[in-house]
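Take a look at the structure below.
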């Protein structure tokens, strides 16, 4: 598990730069990256893919307990998370 990704997600949550939940993510237009749990249903994942053009990353073990979809609204944090996932 990459600790940097977990730290960046923590910074985003503490800085209130996140949107939690599939429906809330679809409603917001300023989401830079969407992180989803592998436990997210196929229907919800397809809904995100159809309604948004944002990059979707599936990560296991990085989201807080009970959260299946998390949108990051901060461009710099989103960029770093994307960069770190490409290095894994």
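None of the figures in this text is laboratory data; all of them are computed from the coordinates on show. These numbers were taken from a predicted model, which means no experiment stands behind them. Because the Cβ atoms are built from the backbone with ideal geometry, glycine has one as well, and the counts that use them run over all protein chains shown.
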Helix 75-87: angle to the longest alpha-carbon principal axis of the chain, degrees 0 to 90, nearest 10? 80
Rounded to the nearest 500, what is the 222 nm mean residue ellipticity of the chain from helices alone, with -39500 (n - 2.57) per DSSP H run of 4+ residues and division by all residues? -14000 deg cm²/dmol
For helix 42-51, report the angle its Cα long axis makes with the longest principal axis of the Cα atoms of the chain; keep it between 0 and 90° and round to the nearest 10°. 90
What is the order of 52, 18, fewest Cβ neighbours within 10 Å to most? 52, 18
What is the distance in Å between the Cα centres of the stretch 10-40 and the stretch 74-88? 14
With a 10 Å cut-off between alpha carbons and a GNM built on the chain, which of 53, 65, 42 moves the most? 65
Rounded, prolate or oblate, given the Cα gyration tensor of the stretch 1-50, with a/c below 1.5 counting as rounded? oblate
Label-point separation, residue 11 to residue 37 (7 Å along Cα→Cβ), nm: 2.5
At a threshold of 8 angstrom on Cα-Cα distance, excluding pairs fewer than six apart, so keeping six or more, what relative contact order does the chain reach in percent? 45
Hey, fewest Cβ within 10 Å first, where do 58, 36 land in order? 58, 36
Of (1) 15, 38, 32, 14, 2; (2) 12, 24, 38, 22, 4; (3) 18, 57, 24, 0, which is the value of P(r) over Cα pairs in 10 Å bins from 0, in percent derived from the coordinates here? (3)
